[in-house]
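Notes follow the structure.
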Amino acid sequence: MTTTPPRIWMSNETPQQGEIVRVRTQVAHVMESGFRLDAAGQIMPRQMMTRFEARLDDALLLTWLPEIGIAQNPYLEFTFKAQASGLLRLLWVDDSGTEIRAERQVTLA
Amino acid sequence: MTSWLDPFAGLVLSRRGVLLGAAASAALLPWAAVAQDTTAKPQPDTAEADRIAAEFAGGTAPVASGIGLDLPVLGDNPAAVPLRAKVTEPLSEAVWCEEMIVIAELNPQPLACRFSFTPDIGSAEIGIRLRLIQTMPVRVMARMSDGRILMARQDITVTAGGCGM
C-alpha cells in the first residue's frame, strides 16, 4: 500500500453561503481487479479501493462504492453546496482495510 | 564496400538475422503463454446490465431526462475514460438525488460504481474515470427522493480493452 497523500483540489475554500463548491480528488491505488494473470500465469490477487466517504464535520455528504470498472488511481470529482463552515473530511477504504484520510477546511466568506 | 558515409551498411545483415531469429522463436512458443494476460471476459449482451438497471429502478419506469452525461464519443485510453454525470434539475430539501449508479454495459462486471447522496450535499454531480473492456453503451441512473428514476445512456467507442490493465 502506498503512502502517497491524496491529491485534492477545491474550487473555493472560502465560498459564499449557498455556493456550489467543486472538489477533485485522486488517490494512488493499484485497483487490481483479480482478473489479471502475472508472468507465471497465476491470477494476481484482487486489491481494490471499495469505499469513499465525504463528510462536512460529521454530516455525511456522499458515499462512493467503486467496483472493478473504475480506473487505477481512482479519481473522483463531486460538488457540494456550501451551507456551513466546517472541516471537509475525506476517507478512502480498500479491500485490505487500509484507510486513507484527508481534510480541508471550508470557511464561509 | 562499407564506408564511413554509410554507417548502417554493415548492420543490415545482422539486423535481418535478429528479426528472423525472433520470428522463429516466437513460432515455437505455445500461444496461450503469450496471448492471454487476463481472465476477464466481456458480457455477451446487455442482459446483466438490464438486470442491474431493473433492480435499481425497483419497478419504476426510468425517465430518459434530467441527467447530463458527459462522456467522450471515442475513448482513446480505455483504461481511464473520463465520465461526468449531473442531475440537471434543481435540488432542494424536498427533492434530492438519493442514489446514482454507473453501468458499463458490456464490462465483465457491468456495475462500475454506486453513489449515495444525503440531502446535506445539495448537489448531485460526479466525475470518475472508467475502464472499459470494449466498445459499449454506458448508462447512468439516478433515484430521486420522490421516487422517480432518471436515466441517461450513451455509446462509447474504445480501441483496445482496458479491463486487463
**Prompt:** Looking at region A:24-52, which of its residues are outside any strand (DSSP E or B), more than 10 Å from chain B (Cβ to nearest Cβ) and of a type in the set (S, T, N, Q)?
**Reply:** A:Gln42
**Complete:** Going through (1) of a type in the set (S, T, N, Q); (2) away from every other protein chain (no Cβ under 14 Å); (3) buried (at least 21 other Cβ atoms within 10 Å of the Cβ) one by one, B:Thr135 fails only at (3)
**Request:** Output yes when any residue across region B:109-129 is of a type in the set (S, T, N, Q) and more than 10 Å from every other protein chain (Cβ to nearest Cβ), and no when none is.
**Result:** no
**Complete:** From the option list B:Ala64, B:Ala152, B:Ala80, B:Ala142, single residue qualifying as in contact with a strand residue (DSSP E or B) (Cβ under 7 Å, 6 or more places away or on another chain) and within 11 Å of another protein chain (Cβ to nearest Cβ) is B:Ala80
**Request:** Please go through region A:59-100 and pick out each residue that is of a type in the set (A, V, I, L, M, F, W, C) and facing chain B (nearest Cβ under 7 Å).
**Result:** A:Ala59, A:Leu60, A:Leu61, A:Leu62, A:Trp64, A:Leu65, A:Ile68, A:Ile70, A:Ala71, A:Leu76, A:Phe78, A:Phe80
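Bear in mind these aren't lab numbers, they're just calculated from the coordinates by the rules spelled out. Here the structure is a predicted model, which is why all the values come from computation and not from measurement. Ideal geometry is used to build each Cβ from the backbone, glycine not excepted, and the neighbour counts take in all protein chains shown.
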